[in-house]
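Heads up, the thing below is written out as structure tokens.
Any read-out appearing in this document is the output of simple, stated calculations on the displayed coordinates, not a laboratory observation. This one's a predicted model, so the numbers in the text were calculated from it and none came from an experiment. Glycine also receives a Cβ, built like all others from the backbone with ideal geometry; neighbour counts cover every protein chain displayed.
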Amino acid sequence: MRKAYIAGNWKMNLTPSEGAEYAASLAKAVKESGVDCRVMIAPSFVALPAVVEAVKGSGITVAAQNMANHVSGAYTGEVSPLMLKDIGVNTVILGHSERRRYYGETDEIINSKVLLALSEGMEVVLCVGETLEERQGGKLEEVLSRQIKVGLAGVEASQMEKITIAYEPVWAIGTGMTATPEDADGAHAFIRSTVGSLYSDDIAKNLIIQYGGSVKAGNIKALMSKENVDGALVGGASLTLDAFLPIITYNN
Ligand code: PGA
């Protein structure tokens, strides 16, 4: 059985004090409402320590939105996995489409980060997804297959339990355009079978695949009802308790 896993990617929103205040109220709400899915939030680097502190004991996972592909050294402006682990952050989102698009992260760079995170014992949410142009050009499977094969190159079967894949069609991020639950399920089924052919049926069966792109209270239930949709990576609707709580309690 795959346990539902819902994540909030705060992107470049919420200052450390705003984030800590919100995280504390989220932790309280999670305890009171008996949320039965795994909940993760990913604040900015500078908000991480305060947010880790604010959610202590709640079971909420706190993740980074990115990290360096080196453990230390002359890499101005970068944050190492050792620094994240030191403050109690053991999960990282890698390969988000905004990192690919605005910061030039290639599949190879993302792969080096995935391998480093795993070697440091961290969990990874690896994001994949096609642009509108790629989808319209009939390249959906080609793009997903390349992002998964290169992104996971060198990852051992025994490390796959630390990997979650987030399918985020780029055209559905922050646009209000959601893929239909059927579109999402189809892409997730393709991702699962790609992972199955790289590893094993068992690993594919246990792989958690999140959907991301304009997820909100009004569409989470339909998405989660699909066989291959195991969770969500939520951007805009993860920034307030009012918007995020109904999403993580979709099943209550
Ligand atoms: P959105 O973002 O929910 O605001 O569309 C999703 C994401 O980019 O993770």
Dimensions of region 73-225 along principal axes (Cα, Å, largest first)? 44, 35, 31
Anchor Lys149: lysines whose Cα lies under 23 Å away (excluding residues fewer than 8 positions away in-chain): Lys113, Lys139, Lys162, Lys205
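Kindly put Ile203, Ile209 in sequence by how many other C-beta atoms sit within 10 Å of each C-beta, fewest to most. Can you show the working numbers first?
Working: Ile203 17, Ile209 24.
Ranked by crowding around the Cβ, least crowded first: Ile203, Ile209.
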Can you run phi through the Karplus equation (6.51, -1.76, 1.60; θ = phi - 60°) for region 138-149 and list ³J(HN,Hα) in whole Hz, with x for Gly and Pro? x, 9, 3, 5, 4, 5, 4, 4, 5, 4, 6, 5
Starting from the Cα of Lys221, draw a straight line to each of the aspartates and glutamates and keep only those under 16 Å, dropping any in the same chain fewer than 8 residues away. Asp36, Glu182, Asp183, Asp185, Asp230
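How many times 2.2 N^0.38 Å is the alpha carbon radius of gyration of region 50-120?
Numbers: Rg = 12.8 Å, N = 71, 2.2 N^0.38 = 11.1 Å.
So region 50-120 has a normalised radius of gyration of 1.16.
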Hey, how many Å between the Cα centroid of region 55-92 and the Cα centroid of region 224-252? 24 Å
The chain, helix-only ellipticity at 222 nm - DSSP H runs n ≥ 4, -39,500 (n - 2.57), divided by all residues, nearest 500: -12500 deg cm²/dmol
If you plug each phi of region 231-236 into the Karplus form 6.51 cos²θ - 1.76 cosθ + 1.60 with θ = phi - 60°, what whole-Hz ³J(HN,Hα) values come out, in order, with x for Gly and Pro? x, 8, 10, 10, x, x
Pseudo-spin-label distance Val46 to Glu133, built 7 Å along Cα→Cβ, given in nm, is 3.4 nm
Mind listing the long-range amide H neighbours of Arg38? Cut-off is under 5 Å, sequence gap 5 or more, other chains count too, H placed in the peptide plane at 1.01 Å from N. Ala4, Tyr5, Ile6
Under the rule of at least 5 residues apart or a separate chain, name every residue whose amide H is placed under 5 Å from the amide H of Glu123. Thr91, Val92
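Provide Asp185, Asp201, Asp242 in ascending order of the number of other Cβ atoms located within 10 Å of each residue's Cβ, fewest first. Numbers along the way, then the final one.
On the way: Asp185 19, Asp201 12, Asp242 9.
Starting with the residue having the fewest Cβ neighbours, the order is Asp242, Asp201, Asp185.
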Residue-wise HN-Hα coupling along region 17-27, computed from phi with Karplus coefficients 6.51, -1.76, 1.60 (Hz; x: Gly, Pro): 5, 4, x, 5, 5, 5, 4, 5, 6, 5, 4
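Can you work out the FRET efficiency for the pair Thr180 and Glu108, with r the C-beta to C-beta distance and R0 = 22 Å, to the nearest 0.05? Display every interim value, and only then the final one.
On the way: r = 32 Å, r/R0 = 1.47.
Computed FRET efficiency for Thr180 and Glu108 comes out at 0.10.
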Can you compute the radius of gyration and Dmax for region 1-146, using only the Cα atoms, both in Å? 16.4, 47
Expected max-MSF residue from Ala189, Ala20, Ala157 in the GNM of the chain (alpha carbon, under 10 Å) is Ala157
